[in-house]
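The values are calculated or read from the model by the stated rules, or taken from the named source; none is laboratory data. All values derive from a computational prediction rather than experimental measurement. FYI the Cβ positions are ideal-geometry reconstructions off the backbone, even for glycines, and counts take in every protein chain you see.
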Amino acid sequence: MALGPLEYVLLGFPGNTFNGEIAPKLGRLIDSGTIRIIDLIFISKDADGVVTAIEFDGHEDLVMYAALDGDVGGVIGQDDIDYAATDLEPNSSAALLIWEDTWAAPLVDAIRASGGVLIESSRIPQELVAEAEAALATV
């Protein structure tokens with residue numbers, strides 16, 4: 001079976017407001033077979049603009065991520081970390097996460113078996129989703 005689509009997200013936490021509520025939600029997605037974590041790293045920028053990359057098992061505040069099932073690591077490189085830190089404000093942090101959409105793997109197999117190829121893919125921004133929901137609510 002082919003890999004499902006891989007996605008990455010860069011989640012910012014201005015003022016280092018990270019609280020760890022994400023880990024249990026990720027765990028549910030993993031346990032249900034919806035996604036598989038490929039790599040995960042946390043990035044911080046201090047008041048002087050110094051960037052530090054932190055593995056989830058390298059800091060006591062991130063220990064809850066160690067319980068996530070998956071072969072995490074080795075995909076995110078220094079270039080990715082540098083890119084993620086570019087627009088990160090001082091005294092802020094971010095999580096850079098890559099996952100496989102395992103739910104889509106059978107669909108990918110079927111598309112390939114049918115001779116299909118992906119021409120384009122994109123995630124619709126939340127602002128546009130909210131606009132569409134508001135428009136549908138008036139119908």
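Listed by first and then second residue, the pairs linking a residue in the stretch 22-45 that is of a type in the set (S, T, N, Q) to a residue that is outside any strand (DSSP E or B) and modelled with pLDDT of 85 or more, with Cβ atoms under 6 Å apart and 6 or more places separating them unless they lie on different chains, are Thr34/Trp103.
When Leu10 is tested against (1) surrounded by 14 or more Cβ atoms within 10 Å (Cβ to Cβ); (2) modelled with pLDDT under 90, just one condition goes unmet, and that condition is (2).
Among the residues making up the stretch 75-131, a single one is surrounded by 14 or more Cβ atoms within 10 Å (Cβ to Cβ), out of contact with any helix residue (DSSP H, G or I) (no Cβ under 7 Å at 6 or more places or on another chain) and hydroxyl-bearing (Ser, Thr, Tyr): Thr102. Looking at the stretch 37-83, which of the residues that are of a type in the set (Gly, Ala, Ser) and within 24 Å of Gly4 (Cα to Cα) is modelled with the highest pLDDT? That would be Gly77.
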